[in-house]
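The next block holds one structure in the form of structure tokens; read it before the comments.
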């Protein structure tokens, strides 16, 4: 009887716990805490190497034109009284390297198109017209031809800071120029004598001074507007007379040009996107707390 009395309360207590557990199971459980993964932000990191291209116009001149006369020729007191070199255009390209934010270097090659050369000179004595020779006569010669060049330069630049995407700069360059004379003619007045050039080409030292401003279109593309002073040596042309004579030579020395050019720079070759992880803390929201309802006794 005692065992029966002890068993009945125990069974009633177990049934109450089972009923409460079933009721607790009917409540929704708190959702698991959401884990937020921060996506890395990507930075475009361009290589320090760049390609460049240039187009421009040039105002050219020769500071020195002289006759290199053959001693056997009889012209006396020859002097140039007029000379000019026409404007030209050029196109070029190159490769460069940005050492840091303010110093960069590049190597360029460009072709300078043909520009017209015109000159005129006078001399006295032994000016022959037909079969007559006038010892004290005054004779004239006019000269026409074309100069073209290939110019190769190694340049260095200093960028002077950037304001609103504009970067002024200055620079210097040194290299070599291959100058060519073509279709050169020497016409005697009033004799009508004719001489033709040999289409000569020569290599000479070249140097340049740069100044301009660049505009940053994007992180990898820049546009330049610049002025350049270029000195690219000289060219000497030898003239042979039609019908035979002792050839003379003419030197167009100290060739120089004032250039206005438009340039393009493209940072290339190793453009990468590198992840940049940014820590952005998320607000903490505590999970909901569910309280178990109190046990209700029966009786």
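Any read-out appearing in this document is the output of simple, stated calculations on the displayed coordinates, not a laboratory observation. None of these values were measured; they are calculated from a predicted model. We place every Cβ from the backbone using ideal geometry, glycine too, and count neighbours over all the protein chains shown.
If N is the number of residues in the range 153-194, what value comes out of its Cα radius of gyration divided by 2.2 N^0.38 Å?
Values: Rg = 23.0 Å, N = 42, 2.2 N^0.38 = 9.1 Å.
Against the compact-globule rule of thumb, the ratio is 2.53.
Once you put a point 7 Å from the Cα of residue 91 and another 7 Å from the Cα of residue 240, both along the Cβ direction, what distance in nm separates them?
Each label point is offset 7 Å from its Cα along the Cβ direction, giving 3.4 nm.
For the modelled label position 7 Å from the Cα of residue 200 along Cα-to-Cβ, which residues of the range 158-185 have backbone nitrogen atoms closer than 16 Å?
Hits in the range 158-185 for residue 200 at 16 Å: 178-185.
Note down the nm distance, to one decimal, between modelled labels 7 Å out along Cα→Cβ at residue 107 and at residue 213.
With each label placed 7 Å out from Cα toward Cβ, I get 3.3 nm.
Quick one: plug the Kirkwood hydrodynamic radius of the range 44-272 (C-alpha pairs) into Stokes-Einstein at 37 °C, 0.692 mPa s, and report D in µm²/s. Could the numbers behind the result be given before it?
Values: Rh = 19.9 Å.
Answer from the Stokes-Einstein relation: 165 µm²/s.
For residue 81 and residue 227, FRET efficiency with R0 = 35 Å and r from the beta-carbon atoms, rounded to 0.05? Don't skip to the answer; put the middle values down first.
On the way: r = 32 Å, r/R0 = 0.91.
With a Förster radius of 35 Å, E is 0.65.
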